[in-house]
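Asks: Sending over a structure as structure tokens; questions will come in a sec.
Throughout, read-outs are computed from the coordinates displayed, never taken from laboratory work. Just so we're clear, the structure is a prediction, and the values are computed from it rather than from any experiment. Note: ideal-geometry Cβ built from the backbone for every residue, glycine included; neighbour counts use all protein chains shown.
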Amino acid sequence: MADYSKFLKESNLIGGQWVPSESGATVDVINPATGEVIGKVPNSGASETKRAIDAAQTAFNKFKRTTATERAILLRKLHDALMDNQDALATLLTTEQGKPLAEARGEIAIGAAYVLWYAEEIRRAYGDIVPSPLRGRRILVTKHPTGVVGAITPWNFPSSMLARKLGPALAAGCTTVVKPATVTPYSALAWGVLAEEVGFPAGAVNILTGSARAIGGEIMANPIVRKVTFTGSTEVGKTLIRQSADTVKKVSMELGGNAPFIVFEDADLDRAVKGAMAAKFRNSGQTCVCTNRFYVHDSVYDKFVGKLAAATSQLKVGNGLEDGTEQGPLIDDTALAKMDEFMNDAREKGGRIVQGGKRHALGGQFFEPTVIAEANDAMQVTNEEIFGPIAAIFRFSSEEEAISKANDTEFGLAAYAYTKDLGRAFRLNEELEYGLIGINEGIITTVEAPFGGLKESGLGKEGGHQGLEDYLDTKYVAIGGL
Ligand code: ADP
């Protein structure tokens, strides 16, 4: 097993110093596969956060004057450092989060890819010179780093969700105050170790662990913070948007999803099953783009259910650090209890459990990968984000019906559809109210494309050239008397 001891930081990073919480209080970090305590991190609050914000502001006053090339060089070094430490970082990630090691390695790689992408993109963050309506005047549109950025991240991708925020923020010349999820803090603290190692100035990356309410509260209330970027639940996201109003901060929000996965009568069923397995069971179903509702055409329903159940029965459940594991534990007992609730509800409302359906024989926080056939709109799984390894399969009989059901939610993050009809593919692109659409593909996230939800799934984009815009302010200058 790769040695991750250098990344197991048990302190906050504030202004280049690794420091404990002011009260000395700590929070235990638990391995979800074994229940063992991995270590302790500071239980910090508003006062430490205020110090971190001040340190970020001091650093910003210099960092904003660096050139795009200087920042690109630092980011390239950060990318290389991440990849040089891929095994150690992945092992640490699996240990605190539970996902299979192969997925954790992939997460480190995609995180590094975001960093490299923004190292490249910032060198092309052009402004505009606009034709002037008046003689003797020139109009310039220029871009400037927004300022101190607060970044609040979730536990399901504790490393790459931070990459999506630190990459563009640091590329743009912003400095940051990071608050990782309390259950997975080490993967975030590791970014502090590497940022220091490759030479980012003290205060460019500050990281605090502890009370979400207190740290988040200070980040939201403090006027120095000009932008907040958050990935997490819609409920918390809405609170943060409300809190942002008092100081009129820019916000970007990656919130919950309720992804439909539509299998049309002309779909390549084997390809659809392969995509379905990836779109449903990655990270044991704990991603915001995971399929929540499968809609399958009547004429291929039984075939698809049979194939999906067969593939699901083959998934190897276990500790993510063990060879061959494909499904790790759920993050905590609350998540496990939620799966029980979904299953009881589905059983009561006429669902047919084709595969799995209960807590796994391994005990602990493991749940069986599950397939429910004959799902219907009265079930909880229709409207709530499952965030676990339960595939609920609904029927439909026309394209219109499938699209209307797919859109019948307040969420609008990811949608998937399998069809060989090109015209239909374009209709789906137009009709599906989703920010990310996979046609004949179950995994579509890539650094080159903008990731972000519509409706109540979020605001703003991460990835693509669009991902930089959130960290840059646009100014217009009119130069007259020429
Ligand atoms: P999840 O369901 O993924 O845990 P949450 O929205 O609960 O999503 O948490 C995502 C992140 O938001 C975590 O870092 C969590 O600590 C933080 N968080 C939770 N509540 C608040 C809050 N009231 N203010 C600021 N951050 C919060």
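Asks: How large is the Kirkwood hydrodynamic radius of the range 313-386, counting all unique pairs of alpha carbons, in Å?
Replies: 13.0 Å
Asks: Now, a different point. Along the charge dipole of the chain, Cβ charges K/R +1 and D/E -1, which of Val130, Phe394, Phe411 sits furthest on the positive end?
Replies: Val130
Asks: Still on this structure, please answer the following. Would you mind telling me the antiparallel percentage of the DSSP bridges in the range 259-439, rounded to 5?
Replies: 15 percent
Asks: Let me ask something else about it. Taking a ≥ b ≥ c as the square roots of the Cα gyration tensor eigenvalues, with a/c under 1.5 meaning rounded and otherwise prolate when a/b beats b/c, else oblate, which class fits the range 33-85?
Replies: Cα axes put the range 33-85 in the oblate bin.
Asks: How big is the antiparallel share of DSSP beta bridges in the chain, given as a percent to the nearest 5?
Replies: The antiparallel fraction comes to roughly 45 percent.
Asks: GluC sites (Glu not before Pro), restricted to the range 371-409: which are DSSP loop and have at most 16 other Cβ atoms within 10 Å?
Replies: Passing sites in the range 371-409 are Glu384.
Asks: Mind grabbing the base-10 log of I(q)/I(0) for the range 259-439 at q = 0.08, 0.09, 0.15 Å⁻¹? Debye formula, identical points on the C-alpha positions, no solvent, two decimal places.
Replies: Normalising to I(0) and taking log10 leaves -0.22, -0.29, -0.80.
Asks: If you keep only loop residues by DSSP, which GluC sites (Glu not before Pro) in the range 440-470 have at most 11 other Cβ atoms within 10 Å of their Cβ?
Replies: Glu448
Asks: Do any GluC sites (Glu not before Pro) in the range 1-97 lie in a loop, going by DSSP, with at most 11 other beta-carbon atoms within 10 Å of their beta carbon, and if so which?
Replies: Counting only loop positions with at most 11 other Cβ atoms within 10 Å, the GluC sites (Glu not before Pro) in the range 1-97 are Glu36.
Asks: What do you get for the angle between helix 86-97 and the principal long axis of the chain? Use alpha-carbon atoms, 0 to 90 degrees, nearest ten.
Replies: Between helix and principal axis, roughly 60 degrees.
Asks: Could you compute how fast the range 150-237 diffuses translationally, taking Rh as the Kirkwood radius over C-alpha pairs and applying Stokes-Einstein at 25 °C with viscosity 0.890 mPa s? Give it in µm² per second.
Replies: 188 µm²/s
Asks: Cross-link list Lys307/Lys405; Lys179/Lys250; Lys50/Lys338; Lys143/Lys179; Lys50/Lys238; Lys6/Lys338: which exceed 29 angstrom alpha carbon to alpha carbon?
Replies: Over 29 Å apart, Cα to Cα: Lys50/Lys338; Lys6/Lys338.
Asks: Rounded if a/c is under 1.5, else prolate if a/b is larger than b/c, else oblate: which is the range 1-94, with a ≥ b ≥ c the root eigenvalues of its Cα gyration tensor?
Replies: Oblate is the answer for the range 1-94, as a/c is 1.5 or above yet b/c matches or exceeds a/b.
Asks: Can I ask one more? Quick check: from the Cα gyration tensor, does the chain come out rounded (a/c under 1.5), prolate or oblate?
Replies: In terms of gyration-tensor shape, oblate.
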